[in-house]
Amino acid sequence: MMTGQETDESFSLLDEPWLPVRLQNGKVCDLGLLEVFQRAGEISALAETAPPSLIAQYRLLLAITHRALSRSQGNWADADRTRWYQSGLPTEAMLDYLERWRDRFWLFHPEQPFMQVAALAEAEETREKQKPWTQISLASANGNTPVVFDHSCDLTPQPTSAANVLRTLLGFLQFTPGGLVKTLRSSDKAGALANTAAVLPLGSSLAETLCMALHAPTPSGHEDLPCWEHESPSVAQLQAAPRPASGPNDRYTRQTRAVLFLPDEQGQVQWLRFAAGIALADDVQAPDPMASYRVSKQNLVRLSFTEGRAFWRDLPTLLPDVKGKASQPAPVLHWAASLLANLATSEQSLLVAGLASDQAKLLRWRSERFNLPTALLLSPEGAEELRVYVRQAEEVFNDIRSVAARALAESMPESEHPDTKTRARKLFDTGSAAPLYFSAAERSLGRVMALLGSGNSSDLDKADAIWQQALLAAADTVWQSVCDALGDSPKALRAEARGYMNLMKKLKPLRPVQTNHAVAEEETQV
């Protein structure tokens, strides 16, 4: 174990290369925080590959940016953000802030270890206990959470680098699900982004991204501080009742679990101390800035990733909804839209990344990137058109599902028995129909969104025609797969014939008149 003096100066987030970035020339490298802000205009994006850690790293940089600007600029307006977006962030303000708090950015500091709890070294409940570092790895097998292709062992964990365990910690604190902890408290609340598909608007450089996603100045007299501007938490604070976030800076850096790294002589981490953290209380009046909600049965449901479901089916949830009857987009999208209104850009890139979980069970993580016409983010009317198209795609698929399940049941013995119908529906649902249909429809989505974003009535007609043709083609692809599953017995062929006639009736509204068909053919060729 390192001595206190050695630990104090062993790994500085400001100087040590730990944050993976992609430069404008395509090169990927690790940089310390000082160099990240010095070269923010040269960096195209963060290059982290684990979606939870990727979002958490952006949130860390946003908290630093916000506090640095608050210290140097005071209040600012959209005009200031526009200037920084076009000319670059005030680099000196960023560097001055980091130097001001340099002592709080040591990873292994004995009293103020970065985003850790030094009190765990002396607390009766934790001082004699240690956990493998994979306890905080959302991608590793630990405890009773097996992970395919990972062979970590709690008894003999492989040491990892300081940079890797730091990146892992950031993602864990934001996305950890609620559940049992058993140290200091029996259970603990979830991280700020648990079971969330977090959204972030992206610029062409890191500096632009930080400007787009930057939240408004903290109101005068109100403190919204990141964790490093507080003293290291005490055991009493860890045992206290959950408290809501004071603002985005608090959310972005909340220590939802108490962790203390135990570095070895080489500065690597094999073991850590672990306990309940500073629990985050829910606050319906202050949703997470990167979380979107869709309306389901009059309730707001946080947008997450669902197995086998293409995320573009939820794109309308990210778009403005004046009436609030369909969705509640993430506040960060509103902040980006207010900046985009001052810029002449036709397209906006969005990153959607995160981790889906079911209570304490981790299910899947994903990272996707979409390019949307700026007009759709600024125009509720255009957003509503896209909602109609996505809703139409869902309705057509449900029609196909109904017809296909019926045909499958008719090809089986005792076709009218309820169990047979249930088995047929399950056969359809567990097959390849949904991926085939929605992937086929998605091929035309980009062109349709571009036409919707133009705002021209003639382009709307083209979008209608293209989308109808896309759904017809997707339906044909799925029906062919159903026919293959039916087989070629006489009973199956009769079921196929009846099913085809029923499907044609369902799809009749999609079949365009000749003029629209010609438009769709012309656009498809283009």
Filter the range 309-334 for residues that are in contact with a Pro (Cβ under 7 Å, 6 or more places away or on another chain) and small (Gly, Ala, Ser); which is modelled with the highest pLDDT? 330
Just name the residue that is nearest to the chain's Cα centre (by Cα) out of those in the range 76-94 that are surrounded by 16 or more Cβ atoms within 10 Å (Cβ to Cβ), aliphatic (A, V, I, L, M) and in a helix (DSSP H, G or I). 94
Run residue 271 past the list (1) under 20 Å from residue 196 (Cα atoms); (2) open to solvent by 20 Å² or more (accessible area, probe 1.4 Å); (3) of a type in the set (A, V, I, L, M, F, W, C); (4) touching a residue at least 40 places away in the same chain (Cβ under 8 Å) and report the number of the one that doesn't hold. (1)
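For the condition touching a His at 6+ places or on another chain (Cβ under 8 Å) and either among the hydrophobic types (A, V, I, L, M, F, W, C) or at pLDDT 95 or above (or both), what is the one hit in 123, 141? Working first, answer last.
On the way: 123 fails: touching a His at 6+ places or on another chain (Cβ under 8 Å).
Of the residues listed, the single one that is touching a His at 6+ places or on another chain (Cβ under 8 Å) and either among the hydrophobic types (A, V, I, L, M, F, W, C) or at pLDDT 95 or above (or both) is 141.
Based on what the data block shows, is residue 178 closer than 30 Å to residue 239 by Cα, crowded, with 24+ Cβ neighbours inside 10 Å, modelled with pLDDT under 95 and in contact with a Gly (Cβ under 9 Å, 6 or more places away or on another chain)?
On the way: closer than 30 Å to residue 239 by Cα: yes; crowded, with 24+ Cβ neighbours inside 10 Å: no; modelled with pLDDT under 95: yes; in contact with a Gly (Cβ under 9 Å, 6 or more places away or on another chain): yes.
For residue 178, the condition - closer than 30 Å to residue 239 by Cα, crowded, with 24+ Cβ neighbours inside 10 Å, modelled with pLDDT under 95 and in contact with a Gly (Cβ under 9 Å, 6 or more places away or on another chain) - is not met.
Search the range 242-268 for residues being of a type in the set (Gly, Ala, Ser) and in contact (Cβ under 8 Å) with a residue 40 or more places away in the chain, and hand back the single one that is nearest to residue 224 (Cα to Cα). Walk me through it before giving the result.
The initial filter retains those residues of the range 242-268 that are of a type in the set (Gly, Ala, Ser), namely 245-247, 258, 267.
From the residues that got through so far, the ones that are in contact (Cβ under 8 Å) with a residue 40 or more places away in the chain too are 245, 258, 267.
Values: 245: 8, 258: 20, 267: 33 Å.
So, considering only residues that are of a type in the set (Gly, Ala, Ser) and in contact (Cβ under 8 Å) with a residue 40 or more places away in the chain, the one nearest to residue 224 (Cα to Cα) is 245.
Out of the range 193-209, which residues are under 23 Å from residue 255 (Cβ atoms) and open to solvent by less than 30 Å² (accessible area, probe 1.4 Å)?
Of the residues in the range 193-209, the ones under 23 Å from residue 255 (Cβ atoms) are 193-196, 198, 200.
Once the filter is applied, which keeps residues that are under 23 Å from residue 255 (Cβ atoms) and open to solvent by less than 30 Å² (accessible area, probe 1.4 Å), the range 193-209 yields 193, 194, 196, 198, 200.
Can you say whether residue 45 is open to solvent by less than 20 Å² (accessible area, probe 1.4 Å), in a loop (DSSP other than H, G, I, E, B) and farther than 22 Å from residue 250 by Cβ, as far as the supplied structure shows? Give the derivation first.
On the way: open to solvent by less than 20 Å² (accessible area, probe 1.4 Å): yes; in a loop (DSSP other than H, G, I, E, B): no; farther than 22 Å from residue 250 by Cβ: yes.
Against the criterion (open to solvent by less than 20 Å² (accessible area, probe 1.4 Å), in a loop (DSSP other than H, G, I, E, B) and farther than 22 Å from residue 250 by Cβ), residue 45 does not qualify.
Of all the residues that make up the range 414-431, how many are under 16 Å from residue 307 (Cα atoms), of a type outside the set (Val, Ile, Thr) and surrounded by fewer than 16 Cβ atoms within 10 Å (Cβ to Cβ)?
Going through the range 414-431, the residues under 16 Å from residue 307 (Cα atoms) turn out to be 426, 428-431.
Right, trim to of a type outside the set (Val, Ile, Thr) and you get 426, 428-429, 431.
Remaining after also requiring surrounded by fewer than 16 Cβ atoms within 10 Å (Cβ to Cβ): 426, 429.
Within the range 414-431, residues that are under 16 Å from residue 307 (Cα atoms), of a type outside the set (Val, Ile, Thr) and surrounded by fewer than 16 Cβ atoms within 10 Å (Cβ to Cβ) number 2.
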Among (1) closer than 28 Å to residue 106 by Cβ; (2) touching a strand residue (DSSP E or B) at 6+ places or on another chain (Cβ under 7 Å), there is one condition residue 166 misses while meeting the rest; what is its number? (2)
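Evaluate the following for residue 198: is it of a type in the set (A, V, I, L, M, F, W, C), assigned to a loop (DSSP other than H, G, I, E, B), under 29 Å from residue 357 (Cα atoms) and in contact (Cβ under 8 Å) with a residue 24 or more places away in the chain? Even if it seems obvious, please write down each step before you answer.
Values: of a type in the set (A, V, I, L, M, F, W, C): yes; assigned to a loop (DSSP other than H, G, I, E, B): no; under 29 Å from residue 357 (Cα atoms): yes; in contact (Cβ under 8 Å) with a residue 24 or more places away in the chain: yes.
Against the criterion (of a type in the set (A, V, I, L, M, F, W, C), assigned to a loop (DSSP other than H, G, I, E, B), under 29 Å from residue 357 (Cα atoms) and in contact (Cβ under 8 Å) with a residue 24 or more places away in the chain), residue 198 does not qualify.
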Among residues of the range 436-484 being in a helix (DSSP H, G or I), within 18 Å of residue 313 (Cα to Cα) and charged (D, E, K, R), the residue most open to solvent (accessible area, probe 1.4 Å) is 447
Residue count for the range 306-360, restricted to those that are assigned to a loop (DSSP other than H, G, I, E, B) and open to solvent by 10 Å² or more (accessible area, probe 1.4 Å): 21
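Check whether at least one residue in the range 246-258 is of a type in the set (A, V, I, L, M, F, W, C) and surrounded by fewer than 23 Cβ atoms within 10 Å (Cβ to Cβ), and report yes or no.
No, because not a single residue in the range 246-258 is of a type in the set (A, V, I, L, M, F, W, C) and surrounded by fewer than 23 Cβ atoms within 10 Å (Cβ to Cβ).
Results for (1) modelled with pLDDT of 95 or more; (2) touching a Phe, Trp or Tyr at 6+ places or on another chain (Cβ under 7 Å), shown as yes or no for each residue.
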| position | (1), (2) |
| --- | --- |
| 14 | yes, yes |
| 18 | yes, no |
| 30 | yes, yes |
| 37 | yes, no |
| 43 | yes, no |
| 55 | yes, no |
| 60 | yes, yes |
| 67 | yes, yes |
| 75 | no, no |
Checking the structure you have, find out if any residue of the range 90-107 is touching a strand residue (DSSP E or B) at 6+ places or on another chain (Cβ under 7 Å) and more than 21 Å from residue 21 (Cβ to Cβ). yes
Only one of (1) over 16 Å from residue 202 (Cβ atoms); (2) open to solvent by 10 Å² or more (accessible area, probe 1.4 Å); (3) outside any loop (DSSP other than H, G, I, E, B); (4) not aromatic (Phe, Trp, Tyr) fails for residue 369. Which number is that? (1)
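Determine, yes or no, whether residue 491 is more than 36 Å from the chain's Cα centre (by Cα) and within 28 Å of residue 384 (Cα to Cα). Before you say what the answer is, go through the steps one by one.
Numbers: more than 36 Å from the chain's Cα centre (by Cα): yes; within 28 Å of residue 384 (Cα to Cα): no.
Against the criterion (more than 36 Å from the chain's Cα centre (by Cα) and within 28 Å of residue 384 (Cα to Cα)), residue 491 does not qualify.
Could you tell me whether residue 238 is part of a strand (DSSP E or B) and either open to solvent by less than 40 Å² (accessible area, probe 1.4 Å) or among the β-branched types (Val, Ile, Thr) (or both)? Even if it seems obvious, please write down each step before you answer.
Working: part of a strand (DSSP E or B): no; either open to solvent by less than 40 Å² (accessible area, probe 1.4 Å) or among the β-branched types (Val, Ile, Thr) (or both): yes.
No; evaluated as a whole, the condition is false for this residue.
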Being more than 31 Å from the chain's Cα centre (by Cα) and either in a loop (DSSP other than H, G, I, E, B) or surrounded by fewer than 21 Cβ atoms within 10 Å (Cβ to Cβ) (or both) is the filter here; which residues of the range 114-129 pass it? 121, 122, 123, 124, 125, 126, 127, 128, 129
For the range 174-193, how many residues meet the condition of being assigned to a loop (DSSP other than H, G, I, E, B) and under 14 Å from the mean Cα position of the chain (by Cα)? 4
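The values are calculated or read from the model by the stated rules, or taken from the named source; none is laboratory data. Just so it is clear, the structure is predicted and the values come from calculations on it, not from any experiment. Cβ atoms come from the backbone with ideal geometry, glycine included; neighbour counts cover every protein chain shown. These area figures cover heavy atoms from the full protein model, side chains too; ligands, DNA and RNA do not enter into them. Shrake-Rupley method; radii C 1.70, N 1.55, O 1.52, S 1.80 Å.
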